[in-house]
Amino acid sequence: MSTAAADAKLRDAAAAVLAQNERGGYTVPTAGLYPMQFNWDSAFAALGFAALPDSAVAADFPAERGWRELENIAAAQKADGMLPHIIFRGDYGGYFPGPDIWQAGGAPPTSGISNPPVAALAAATLRRKKPLADKGRYRRLLRALAKWHKWLADCLHPLHNFFVAAHPWETGRDNLCDWDAAMRRIRPRDHGDYTRSDTRFVDAAQRPSRAEYDGFLEIIAVGRDTAWQQKTFRQQTPFKMGDPGITAILAAAADALDEMLGEENMAEELEWTRGIGARAREGLAFLWNEAAGGYVAYDVEAGEHLDGISSAAFLAPLAGIFEGEKHKKLMAEFDRIAAAAKYTMPSYDPAAAGFEAKRYWRGPVWLPFNLLIALGFARAGETARAGQIAEASLRLARDAGFYEYFCPHSGAGLGGAPFTWTAAAALVFLQWESWEK
Ligand code: 9WN
């Protein structure tokens with residue numbers, strides 16, 4: 001098969017995944033394992049819709065499909081501005097932990113924590129590719145995103161300005177090795193004899209451990225005890241983690257949102273968001289670890305920088321930080337890690353003690369994360385390295401299918417499938433050369 005024919009086949013297959021996982025205004029990550037709406041998954045889905053060729057849009061999707069995805073994230077906004085990480089729409093019956101455990105309110109019910117703010121990046125892309133004709137809807141969405149960013153800015157560390165995650169699920173990288181020490185400090189109460197739903201669909205060896213789930217549930221219980229009063233919850237949570245992932249994404253998203261708000265002359269909203277990008281960049285700069293040669297997590301309780309290099313270290317260029325000696329060192333780390341794996345970019349350094357090639361966020365390659373890294377690299381003029389990521393990502397999707405994540409050594413597909421954000425990222429990577437970054 002010619003390359004063009006193979007690309008067309010992959011594109012059609014990716015579009016079919018988006019169609020298959022669509023539930024009427026929102027797209028589930030994958031049926032069974034995650035049967036409801038997730039915040040950053042939906043933002044990636046919106047990016048996928050932005051990347052659909054017009055022919056596919058006309059045939060299977062209304063042109064405003066991506067906007068509806070974002071509007072349905074925004075519709076779950078809490079009074080304080082938070083956009084929750086899960087919105088329990090549709091038939092979520094099998095998912096654990098469900099709304100009965102979260103008890104975080106909402107109609108439809110939601111979780112009590114947030115998620116990496118990819119939505120404004122998706123909105124900026126959609127605005128370029130498939131602008132929303134209805135200005136009223138567009139402005140309402142921007143206003144909701146501005147409120148959310150303001151809320152996220154309130155969760156920046158008061159001195160150092162990095163984002164402090166209150167739960168591993170907030171970072172979207174649930175069982176990253178960097179969380180281990182903090183998770184081990186948690187002393188969970190008895191959560192009874194609960195049954196996880198994830199291991200019904202995926203081999204337990206590719207998922208977080210039971211001890212980690214006890215910790216996840218404990219943090220939820222702390223939130224419940226505070227009736228999800230966010231200020232109190234964030235003081236009382238046993239997990240307070242400076243996350244380079246959310247910090248870098250927030251910096252990039254804040255810039256993208258400010259541009260859109262500026263274009264629309266939305267003065268009040270611009271007032272809310274003033275300085276957020278700069279503060280997040282300051283926070284990310286604080287997370288630099290000279291010995292490790294990268295941007296790392298910061299354990300707030302322990303008061304220390306960690307020394308592991310996760311894939312989030314490479315989001316600094318997306319945040320607009322790519323100059324001087326630090327950038328050179330970071331690129332050297334990128335090359336070292338990329339050379340240690342057959343497929344770029346493992347979620348955690350394969351040379352680190354906690355690395356596990358097949359276990360979720362402890363090593364596997366995730367295509368949506370690859371997309372964010374590659375977009376930043378392209379912006380920084382790291383064209384070859386960005387191309388290397390795009391190429392590896394397409395090889396994985398082509399050879400293994402649209403899996404949730406992949407083994408960086410064998411390329412085997414892992415977790416759930418067919419997965420929305422993997423298909424969405426592939427749709428962008430398929431047009432990488434001509435894609436406006
Ligand atoms: C808990 C949906 C989500 C992603 C996260 C990923 C995983 C949930 C789970 O699935 O987390 O939030 O049940 O394991 O880690 O990034 O948004 O795809």
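The values are calculated or read from the model by the stated rules, or taken from the named source; none is laboratory data. As the structure is a computational prediction, the values presented were derived from the model and not from experiment. Because the Cβ atoms are built from the backbone with ideal geometry, glycine has one as well, and the counts that use them run over all protein chains shown. These accessible areas exclude ligands, DNA and RNA; they are computed on the full protein's heavy atoms, side chains included. Shrake-Rupley method; radii C 1.70, N 1.55, O 1.52, S 1.80 Å.
The relative contact order of the range 6-67 comes to 25 percent, based on Cα pairs under 8 Å that sit 6 or more residues apart.
Between Leu159 and Arg210, the contour length at 0.36 nm per residue exceeds the alpha carbon distance by 14.9 nm.
List the relative contact order of the chain as a percent without decimals, with contacts defined as Cα pairs under 8 Å and 6+ residues apart.
Worked out over the chain, it gives 17 percent.
If you roll a 1.4 Å probe over the range 72-188 with all protein chains in place, what percent of the accessible area is carbon or sulfur? Solvent-exposed carbon and sulfur of the range 72-188 make up 50 percent of the total. Taking the centroid of alpha carbons for each part, the range 266-300 and the range 101-163 are 17 Å apart.
Excluding ligands, DNA and RNA, the accessible surface per residue across the range 1-105 is 36 Å² with a 1.4 Å probe. Qualifying GluC sites (Glu not before Pro) in the range 392-437, where qualification requires a DSSP coil assignment and no more than 15 other C-beta atoms within 10 Å, comprise Glu436. Contact order, relative form, for the range 186-301: 24 percent (alpha carbon pairs under 8 Å, 6 or more residues apart, mean separation divided by residue count).
Put a dot 7 Å past the Cα of Asp225, heading toward its Cβ, do the same for Asp134, and the two dots end up 4.4 nm apart. Highest GNM mean-square fluctuation, the chain, Cα pairs closer than 10 Å: which of Asp307, Asp214, Asp193? Of Asp307, Asp214, Asp193, the Gaussian network model singles out Asp193 as fluctuating most. Taken about its Cα centre, the range 280-369 carries a charge dipole of roughly 460 debye when the Cβ of each Lys and Arg holds +1 and the Cβ of each Asp and Glu holds -1.
On the beta carbon distance between Arg184 and Arg395, with R0 = 22 Å, the FRET formula returns roughly 0.05.
Taking only the alpha carbons of the range 344-437, we obtain Rg and Dmax values of 12.6, 39 Å in that order. For the range 342-367, list residues with backbone N below 12 Å from a point placed 7 Å from the Cα of Asp203 toward its Cβ? Zone members listed by number: 357-360.
Counting each DSSP H run of 4 or more residues in the chain as -39500 (n - 2.57), what helix-only mean residue ellipticity at 222 nm follows after dividing by all residues, to the nearest 500 deg cm²/dmol?
Here the helix-only value at 222 nm equals -15000 deg cm²/dmol.
The charge dipole of the chain, taken about its Cα centre with unit charges on the Cβ of Lys, Arg, Asp and Glu (plus for the first two, minus for the last two), comes to roughly 360 debye.
Could you please state, rounded to a whole Å, how far the C-alpha centre of the range 358-396 is from the C-alpha centre of the range 1-44? Measuring centre to centre over Cα atoms gives 18 Å. Dimensions of the chain based on its C-alpha atoms, expressed as ranges along the principal axes with the largest first, amount to 57, 49, 46 Å. Spin-label pair Ala6-Asp60: with each label point 7 Å from Cα along the Cα-Cβ axis, the two points sit 2.1 nm from one another. Among the GluC sites (Glu not before Pro) in the range 235-297, those located in a DSSP loop and surrounded by at most 12 other Cβ atoms within 10 Å of their own Cβ are Glu290. Toward the positive end of the charge dipole of the range 291-346, with +1 on the Cβ of Lys and Arg and -1 on the Cβ of Asp and Glu, the farthest Cα among Ala312, Ala339, Gly324 is that of Ala339.
Only Cα pairs within less than 10 Å get springs; with that Gaussian network setup on the chain, which residue of Asp190, Asp255, Asp91 has the largest fluctuation? Maximum among the listed residues: Asp190. The count of lysine pairs in the range 206-361 with alpha-carbon distances below 25 Å, taking only pairs 8 or more places apart or on different chains, stands at 4.
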